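A short write-up of the structure that comes next.
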Amino acid sequence: MRKNCREEPESARLLSIPGVGPITVSAILAGVPNISGFRSGRDFAAWLGLVPRQNSSGGKERLGRITKMGDRTIRRLLVIGAMSTIRWSRSKQNFAQTWLGRIIARKPINLAAVALENKMARIMWAVMTREETYRPA
């Protein structure tokens, strides 16, 4: 709920996140039932199907592929946004020292895109629950 009339609408706050465009925002606002129903950003990312499947036994954790259990359309839009963010940020100075640059240096680009999607989903959850605008690190 909005506290006063001067606050930004939820869509404007989501548009402040890199890699998230108007189509993605409208799909999220239409497709996500109630953001406060998720306890954490990881729960929201799991609902979208962006976290690894856990096959754990005897105290040994084994993480597999992403589950792909959530809304296919939102996940596709997040893939497009993540790949465009990767392409854009590669041309920037000091890219190799960033979080994304270090992941791309050691993993394939599509796997790095899924990691960025997961991070974007967690940021979206935080932006929507705290009702704040995204602030880059």
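Looking only at the range 8-47, filter to residues that are part of a helix (DSSP H, G or I) and among the aromatic types (Phe, Trp, Tyr); which one of those is farthest from residue 76 (Cα to Cα)?
Pass one, the range 8-47, residues part of a helix (DSSP H, G or I): 10-15, 22-31, 35-37, 41-47.
With the extra rule that they be among the aromatic types (Phe, Trp, Tyr), the set shrinks to 44, 47.
Working: 44: 16, 47: 14 Å.
Among residues in the range 8-47 that are part of a helix (DSSP H, G or I) and among the aromatic types (Phe, Trp, Tyr), the one farthest from residue 76 (Cα to Cα) is 44.
Looking at the structure I just gave you, is residue 137 buried (at least 16 other Cβ atoms within 10 Å of the Cβ) and either farther than 27 Å from residue 13 by Cα or not basic (Lys, Arg) (or both)? Explain how you work it out, then say what you get.
Working: buried (at least 16 other Cβ atoms within 10 Å of the Cβ): no; either farther than 27 Å from residue 13 by Cα or not basic (Lys, Arg) (or both): yes.
Criteria not met by residue 137.
Is it fair to say residue 76 is modelled with pLDDT of 90 or more and either in contact with a Cys (Cβ under 6 Å, 6 or more places away or on another chain) or among the basic types (Lys, Arg) (or both)? Can you show your working first?
Numbers: modelled with pLDDT of 90 or more: yes; either in contact with a Cys (Cβ under 6 Å, 6 or more places away or on another chain) or among the basic types (Lys, Arg) (or both): yes.
Taking the combined requirement at face value, the residue satisfies it.
Could you check, for the range 100-110, whether at least one of its residues is among the small types (Gly, Ala, Ser), over 21 Å from residue 18 (Cβ atoms) and over 17 Å from the mean Cα position of the chain (by Cα)?
Kept after step one, since they are among the small types (Gly, Ala, Ser), are these residues of the range 100-110: 101, 105.
Still in the running and over 21 Å from residue 18 (Cβ atoms): none.
Within the range 100-110, none of the residues are among the small types (Gly, Ala, Ser), over 21 Å from residue 18 (Cβ atoms) and over 17 Å from the mean Cα position of the chain (by Cα).
Can you find a residue in the range 38-51 that is closer than 25 Å to residue 136 by Cβ and of a type in the set (Asp, Glu)?
Within the range 38-51, one or more residues are closer than 25 Å to residue 136 by Cβ and of a type in the set (Asp, Glu).
Find the residue count for the range 90-108, including only residues that are surrounded by 14 or more Cβ atoms within 10 Å (Cβ to Cβ) and under 23 Å from residue 51 (Cβ atoms).
The qualifying residues number 4.
Residue by residue through the range 7-23, note down the ones that are surrounded by 15 or more Cβ atoms within 10 Å (Cβ to Cβ) and at pLDDT below 90.
Passing the criteria: only 10.
Within the range 72-117, can you find the residues that are assigned to a helix (DSSP H, G or I), free of Cβ contacts under 8 Å to residues at least 24 places away in the same chain and of a type in the set (D, E, K, R)?
72, 76, 87, 90, 102, 106
Looking at residue 105, is it within 21 Å of residue 15 (Cα to Cα) and modelled with pLDDT of 90 or more? Before you say what the answer is, go through the steps one by one.
On the way: within 21 Å of residue 15 (Cα to Cα): no; modelled with pLDDT of 90 or more: yes.
Here the answer is no, as residue 105 does not meet what is asked.
Hey, residue 39 hits all of (1) out of contact with any helix residue (DSSP H, G or I) (no Cβ under 8 Å at 6 or more places or on another chain); (2) modelled with pLDDT under 90; (3) not hydrophobic (A, V, I, L, M, F, W, C) but one; which does it fall short on?
That leaves (2) as the condition not met.
The values are calculated or read from the model by the stated rules, or taken from the named source; none is laboratory data. Here the structure is a predicted model, which means the values were calculated and not measured. A quick note on method: Cβ atoms are made from the backbone with ideal geometry, for glycine too, and the neighbour counts reach across all protein chains shown.
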